[in-house]
């Protein structure tokens, strides 16, 4: 409760950091903030060309099958890899003034969430234009899935950001971990393709139920199964509390290590 109260008191600082990150992302470019929408559209064009012409797949509209899972995966992987440096990149601020150190991971992950939301608007537009459409009832569950993924990404970022202050090599290892994690998550393939004997192990991956839920809502136009939602909720909450605990233990000596 003390942490929540303190974060609320510093809410303006969090909002300021989020705005700075969003404005600075494409600062100096001719199109500026429009790249937030152009990037996913360009990616969609590439996937459409590759998987509709060159690498044909038995899955109907495979480019959409992939794209609706790729956008949330990019949010998670960016939080995982980029969030690891959110303390180190603000080390001057950390050394000079007092504020809850949790502010920095929260601001970073939240800015990535905003970027994902804007990209999902592009996805919805593409679904309408392509004639695929969407289910309004299923779409109402989407904010719940996004909150669960946010909790998961924030928990992971708390851990990586804190550990990277002490072990600088972590930021390089995370690139490999992110790539391996993506291939062990059903982003580019269906869960049905996983051998039965490995499926229980496969579901230990906290991103698996979330990606399945995104695809159920946006591609299959159906409400995710209750078991999928419960799995996502449990793993998200668990990793968030683990992340908060680890960060609280390690933040005490940030100034000395930086």
Relative contact order for region 2-257, counting Cα pairs under 8 Å that sit 6 or more residues apart, in percent:
26
Could you tell me how many degrees, from 0 to 90 and to the nearest 10, lie between the Cα long axis of helix 226-250 and the main elongation axis, the longest principal axis, of the Cα atoms of the chain?
20
Multiplying the sequence separation of residue 198 and residue 234 by 0.36 nm and subtracting their Cα-Cα distance, what value in nm do you get?
10.9 nm
Can you tell me the relative contact order of region 167-258? Whole percent, Cα pairs under 8 Å, sequence separation 6 or more.
19
One finds, for residue 225 and residue 136 with R0 = 30 angstrom and r their Cβ-Cβ distance, a FRET efficiency to the nearest 0.05 of 0.95
For 151, 140, 207, which order do you get if you count the other beta carbons within 10 Å of each Cβ and list the fewest first?
140, 151, 207
Using the per-residue mean of other Cβ atoms lying within 10 Å as a proxy for protection, in what order, highest first, do the peptides 79-85, 177-183 fall?
79-85, 177-183
For 6, 60, order by how many other beta-carbon atoms lie within 10 Å, fewest first
60, 6
Sort out for me the Cα centre separation of region 206-246 from region 92-160, rounded to whole Å.
13
With r as the distance between the Cβ atoms of residue 99 and residue 49 and R0 = 45 Å, compute the FRET efficiency 1/(1 + (r/R0)^6) and round to 0.05.
0.45
Neighbour counts of other C-beta atoms within 10 Å: give me 231, 16 arranged from fewest to most.
16, 231
I want to check the label-to-label distance for residue 117 and residue 188. Put each point 7 Å from Cα in the C-beta direction and report it in nm to one decimal.
3.1
With Rg and Dmax of the Cα atoms in Å as the read-out, I listed [x] 19.0, 68; [y] 17.4, 53; [z] 19.1, 57; which label goes with the value calculated from this structure?
[z]
Kindly state, to the nearest 0.05, the FRET efficiency for residue 15 paired with residue 180, given R0 = 35 Å and r defined as their beta-carbon distance.
0.50
Mean residue ellipticity (222 nm) of the chain, computed from DSSP H runs ≥ 4 via -39,500 (n - 2.57), nearest 500
-22500 deg cm²/dmol
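Only the coordinates and a few stated rules stand behind these numbers; no lab work does. Values in this document were obtained by computation on a predicted structure and should not be read as measured data. Glycine also receives a Cβ, built like all others from the backbone with ideal geometry; neighbour counts cover every protein chain displayed.
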